[in-house]
Amino acid sequence: MKVALIPNLSKKDAQFHTEMIIRTLCQYGAEVLLHRPMEPYFGSLPVTVYEDFFQMIDDCNVILAIGGDGTIIHAAKHGALADKPILGINLGRMGFVAGLEKDELNFLENLVQGDYKIDERMMLEVTYPENGELVTKHVVNEAVLSRGALSKIVDFTLLSGNNVIGEYRADGLILATPTGSTAYSLSAGGPVIDPAMDCILLTPVCPHSLFSRTVVFSGDRELTVEGCSQYDSDVFVTLDGEDGIQIFEGEQLHFRRSKYLFGSSKAKNREVGVAMKSARHKKILDIIRSDAVETQEELLSRLREAGFSVTQATVSRDIKDLRILNTLGEDGRYRYFCPYGGGMDFSQKFNSLFFANFNSLIDRGHFGIRFNSRQLKYFYLVFF
């Protein structure tokens with residue numbers, strides 16, 4: 001098994017975690033491939049260094065991206081074009097497109113042994129004019145059309161074939177994949193879409209309208225957008241937050257489902273690790289609710305007494321995941337306290353965000369009805 005590593009060393013402790021990943025992969029018998037610019041950081045480890053980045057991608061069996069969602073998305077494009085699966089290890093905040101967290105390196109054994117599944121996700125093909133020629137690129141998350149440096153509104157016309165199906169006055173338009181529904185589109189008020197779906201989201205950014213909402217189109221639909229500004233403001237298209245291209249008045253951009261898919265790898269029995277983590281979290285909550293625990297060392301000792309094989313680093317991460325606070329009690333002693341009743345397991349990120357987004361719609365009265373907490377839970381269990 002040849003594993004190509006693409007680490008983002010700007011992330012906190014990224015070099016340390018990358019070294020741990022390299023050692024873990026080598027321990028399980030994998031050959032680790034690195035691009036030459038990474039050699040000064042990891043050259044002393046048993047790695048194979050490539051001068052040509054694209055040759056490294058062609059020669060590997062799987063790509064391992066180490067960083068946040070942006071790093072994984074950037075690597076996913078290379079993987080899609082070379083038909084290589086990608087596994088992301090999250091060093092960022094949310095890690096929606098990551099397959100593993102940094103404390104789940106034991107599951108790399110499954111990767112090396114080929115015991116993993118691949119979730120194929122759609123990409124978006126964007127065609128736009130540049131220097132008199134049509135250029136085609138492929139995006140994982142979204143393409144964003146927006147105004148330039150001046151704070152001026154832009155008029156957008158949306159077409160399907162030769163038919164005008166929408167006109168928008170807004171700061172911008174976001175055309176996103178289901179994977180990208182948890183990124184900029186979500187921040188602009190768009191819905192969360194299951195990444196396994198085949199569709200295109202169009203979300204206006206700060207529309208000058210009371211009724212402009214996200215529209216979800218079939219993945220078979222081909223869309224065209226034309227933007228113009230009445231105030232001589234520049235219009236740009238940005239692809240996955242990387243490429244920024246100026247679009248001039250009268251020029252059109254074309255969007256459709258890409259012929260490429262990016263394959264996201266996941267260890268088949270990762271659910272076992274998730275279950276163990278959930279059981280450990282439950283035990284931590286039981287301990288701090290029943291007794292006054294003042295320090296991590298005391299909590300570590302209690303967990304080991306309960307039969308959990310854990311380290312200080314694991315306990316520290318669990319405290320962060322569960323959002324546990326160290327507060328001053330009535331007896332004058334500090335103790336751990338969880339005001340939220342528990343944290344959010346990594347496997348529940350999508351559902352939690354979907355539910356929160358649904359609740360926000362209800363709070364704004366978009367359904368014309370109000371639910372109490374019990375009705376909301378019932379509605380969620382039945383429909384989601």
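The values are calculated or read from the model by the stated rules, or taken from the named source; none is laboratory data. Here the structure is a predicted model, which means the values were calculated and not measured. Positions of Cβ are generated from backbone atoms using ideal geometry, with glycine treated the same way; all protein chains shown enter the neighbour counts.
Kindly provide the set of residues from region 28-50 that are touching a strand residue (DSSP E or B) at 6+ places or on another chain (Cβ under 8 Å) and either part of a helix (DSSP H, G or I) or surrounded by fewer than 17 Cβ atoms within 10 Å (Cβ to Cβ) (or both), ordered by number.
Looking only at region 28-50, we keep the residues that are touching a strand residue (DSSP E or B) at 6+ places or on another chain (Cβ under 8 Å), and these are 30-36, 38-39, 42-43, 45-50.
Residues satisfying the conditions are Arg36, Met38, Glu39, Phe42, Gly43, Leu45, Pro46, Thr48, Val49.
Considering Ala313, Ala292, Ala356, which residue is at pLDDT below 55 and among the small types (Gly, Ala, Ser)? Please lay out each step first, then the result.
Details: Ala313 fails: at pLDDT below 55; Ala292 fails: at pLDDT below 55.
Just one listed residue meets the conditions, Ala356.
Suppose we keep only residues that are of a type outside the set (A, V, I, L, M, F, W, C) and crowded, with 20+ Cβ neighbours inside 10 Å within region 79-100. Which one would you say is nearest to the chain's Cα centre (by Cα)? Break it down stepwise before answering.
Step one: of region 79-100, the residues of a type outside the set (A, V, I, L, M, F, W, C) are 79, 83-85, 88, 90, 92-93, 95, 99.
Of the ones still in play, those that are also crowded, with 20+ Cβ neighbours inside 10 Å are 79, 84-85, 88, 90, 95, 99.
On the way: Gly79: 16, Lys84: 19, Pro85: 16, Gly88: 9, Asn90: 9, Gly95: 4, Gly99: 10 Å.
Across region 79-100, the extreme among qualifying residues is Gly95.
In region 222-275, which residues are among the hydroxyl-bearing types (Ser, Thr, Tyr), at pLDDT below 80 and in contact with a strand residue (DSSP E or B) (Cβ under 6 Å, 6 or more places away or on another chain)? Spell out the reasoning first.
Step one: of region 222-275, the residues among the hydroxyl-bearing types (Ser, Thr, Tyr) are 224, 229, 231, 233, 238, 258, 260, 264-265.
Then drop every residue that is not at pLDDT below 80, which leaves 229, 231, 233, 264-265.
Answer for region 222-275, where residues must be among the hydroxyl-bearing types (Ser, Thr, Tyr), at pLDDT below 80 and in contact with a strand residue (DSSP E or B) (Cβ under 6 Å, 6 or more places away or on another chain): Ser229, Ser233, Ser264, Ser265.
Among the numbered criteria (1) surrounded by 23 or more Cβ atoms within 10 Å (Cβ to Cβ); (2) assigned by TED's automatic domain parsing to the domain that holds Phe96, which single criterion is violated by Glu109?
(1)
Looking only at region 129-187, which residues are among the aliphatic types (A, V, I, L, M) and part of a loop (DSSP other than H, G, I, E, B)?
First, the residues of region 129-187 that are among the aliphatic types (A, V, I, L, M): 134-135, 139-140, 143-145, 149-150, 153-154, 158-159, 164-165, 170, 173-176, 183, 186.
Scanning region 129-187 gives Val140, Ala149, Leu150, Ile153, Ala183.
Yes or no, residue by residue, for (1) among the basic types (Lys, Arg); (2) in contact (Cβ under 8 Å) with a residue 24 or more places away in the chain; (3) not assigned by TED's automatic domain parsing to the domain that holds Gly92:
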site: Asp13; (1), (2), (3): no, yes, no
site: His17; (1), (2), (3): no, yes, no
site: Arg36; (1), (2), (3): yes, no, no
site: Val47; (1), (2), (3): no, yes, no
site: Glu51; (1), (2), (3): no, no, no
site: Asn61; (1), (2), (3): no, yes, no
site: Ile73; (1), (2), (3): no, yes, no
